[in-house]
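Accompanying notes for the structure given below.
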Amino acid sequence: MASIHEECGVFGIFAQEKAKLAQTVYYGLFSLQHRGQESCGIVVNDDGVFNTYKDNGLVGDVFTRDVIEKLGEGNMAIGHVRYGTTGSTGRVNAQPIVVNHVKGRMALCHNGNLTNSYDLRTQLELEGSIFHMTSDTEVISYIITKERLTSQSIEEAVNRAMNKLKGAYSLVIMSPAKMIAVRDPGGFRPLCIGKRANGDWVIASESCALDSVGATFERDVEPGEIIVFDSEGVRSIRDHCGTEDHSLCVFEYIYFARPDSVIDGVSVHEARVRAGTFLAIEHPVMADVVIGVPDSGLDAAIGYARQSGIPYGIGLIKNKYIGRTFIAPGQKTREDKVRIKLNPVPSVVKGKRVVMVDDSIVRGTTCGRIVKLLRDAGATEVHMRSSAPQFLNPCYYGTDIDSRENLIACHYSVEEMAKIIGVDSLGFLSVDNVKKIASDRTVKGLCSACFNGEYPTPVPEKTAKNRFEQKISEGKKDEKLQ
């Protein structure tokens, strides 16, 4: 995998009785750590009083035993792990966001990326709003807060705010008395709900987080749906359901999600195995062993091996104490991590023609380094297969690719890329078949705009990650920076 950054992970629990919920949220966030490693945070609601802690770092480092203990007890809590696709990596952009307002407190977690955040923020600033963060999540909180002024309830404010929000957003929101799950009408990012044996309700970005806290999967939040949890029970608001075509990001199945998760009724593991099967059909090769690049390339490698009849082997060992290199901000940092993250198994690859299956190729630098490791370990041939098509377009919905500048496929042919990476052959999964890896999602629709340029929403004009952090020299034409 070569350096894609994804959005975040969200988690929430609505308990039937007051309890120390921070520990439960901690376990949930730990299960979602793969979705973001920049920062994390937890807010515990104790009868309307919000106890908050958030900081840069991994869940296990930020939330020590003392920190969790100090968050105290509560009847509901929400948490977040972040990789920012809008705004810097500083602590200021850590979530959840907590808003103190005359209409009551609100805490909010966001997974995704708004396509109209720049326009919304500009409008709000011209009306007098003052922003403290540089992420689009704060824009969402402002829009909801503004709608609360003329709404009878927070869920009504959220419902009305959705008329203005465009793009990808899966939200977990907490008011003094309610917890709310929200998924955008396109359903770009996953969100599901579960229930524990004691009656506690749980919201999470992926079903694997439900498993970690002993919750049974109930169902996915439907695109456009608002689900409200309060003392009266659970209710659904479906005013925005069916207003847009379903556009779940296909890369959730290829890379982002954990293989043990089930998203919109489809096993992530099975989707990746299908991708490998299609790859073997589309790009066969004479070889001795099929290996996968840990972790997200392993399932596709199994599929390739099964379909091709070539034996599957464990050719690369991953240091389990190193996080996903694509989440490490900065190319130099990512390259340093690759050096200590993976190590080949010489007995598996030495003297062998190797098929190396990875989830995707973005810049090409990471996989080039891995190929060299295999060559040095004695592989006689290395044939690379990508379980994703070629990245040719920016993503505006929560994947940190805001331009075509660093996409290797935008500048070179497949043959040229193979030479740059150092492989004997290179094959990508076709766009037609990537849409089939989640077989029962084919009719409902998947977003594959990063591969084919068919965007399900209007493309925003301002797309850079740092669009709220421009230097004066970078924004000379922008009157408000003068």
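The values are calculated or read from the model by the stated rules, or taken from the named source; none is laboratory data. Here the structure is a predicted model, which is why all the values come from computation and not from measurement. Note that each Cβ is placed from the backbone with ideal geometry, even for glycine, and that neighbours are counted across all protein chains shown.
Here's a check for you: in segment 194-209, which residue that is outside any strand (DSSP E or B), of a type in the set (A, V, I, L, M, F, W, C) and touching a residue at least 60 places away in the same chain (Cβ under 8 Å) is surrounded by the most Cβ atoms within 10 Å (Cβ to Cβ)?
Ala209
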Inset, instruction - Just one of (1) surrounded by 24 or more Cβ atoms within 10 Å (Cβ to Cβ); (2) farther than 21 Å from Met384 by Cβ trips up Val250, so point out which. - result: (2)
Inset, instruction - Output the number of residues of segment 159-188 satisfying the condition of being closer than 23 Å to Asp245 by Cα, assigned to a loop (DSSP other than H, G, I, E, B) and among the hydrophobic types (A, V, I, L, M, F, W, C). - result: 3
Inset, instruction - Restrict the check to segment 169-177 and report whether at least one residue is hydroxyl-bearing (Ser, Thr, Tyr), in contact with a helix residue (DSSP H, G or I) (Cβ under 8 Å, 6 or more places away or on another chain) and closer than 30 Å to Asp47 by Cβ. - result: yes
Inset, instruction - Answer yes or no: is there a residue in segment 211-225 that is part of a strand (DSSP E or B) and touching a residue at least 60 places away in the same chain (Cβ under 8 Å). - result: no
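Residues in segment 314-323: is at least one at pLDDT 90 or above, aromatic (Phe, Trp, Tyr) and more than 15 Å from Arg363 (Cβ to Cβ)? Quick ask: steps written out before the conclusion?
The initial filter retains those residues of segment 314-323 that are at pLDDT 90 or above, namely 314-318.
Restricting the remaining residues to those that are aromatic (Phe, Trp, Tyr) gives none.
No, segment 314-323 contains no residue that is at pLDDT 90 or above, aromatic (Phe, Trp, Tyr) and more than 15 Å from Arg363 (Cβ to Cβ).
Just to be sure, is Ile97 closer than 20 Å to Met162 by Cα, crowded, with 22+ Cβ neighbours inside 10 Å, in contact with a helix residue (DSSP H, G or I) (Cβ under 6 Å, 6 or more places away or on another chain) and at pLDDT 95 or above?
Values: closer than 20 Å to Met162 by Cα: yes; crowded, with 22+ Cβ neighbours inside 10 Å: yes; in contact with a helix residue (DSSP H, G or I) (Cβ under 6 Å, 6 or more places away or on another chain): yes; at pLDDT 95 or above: yes.
When the stated conditions are applied, Ile97 passes them.
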Legend entry - Residue check, Ile130 assigned by TED's automatic domain parsing to the domain that holds Ile42 and surrounded by 19 or more Cβ atoms within 10 Å (Cβ to Cβ): no
Legend entry - Which listed residue, of Glu222, Glu206, is among the acidic types (Asp, Glu), more than 16 Å from the chain's Cα centre (by Cα) and outside the structural domain of Asp295 (by TED's automatic domain parsing): Glu222
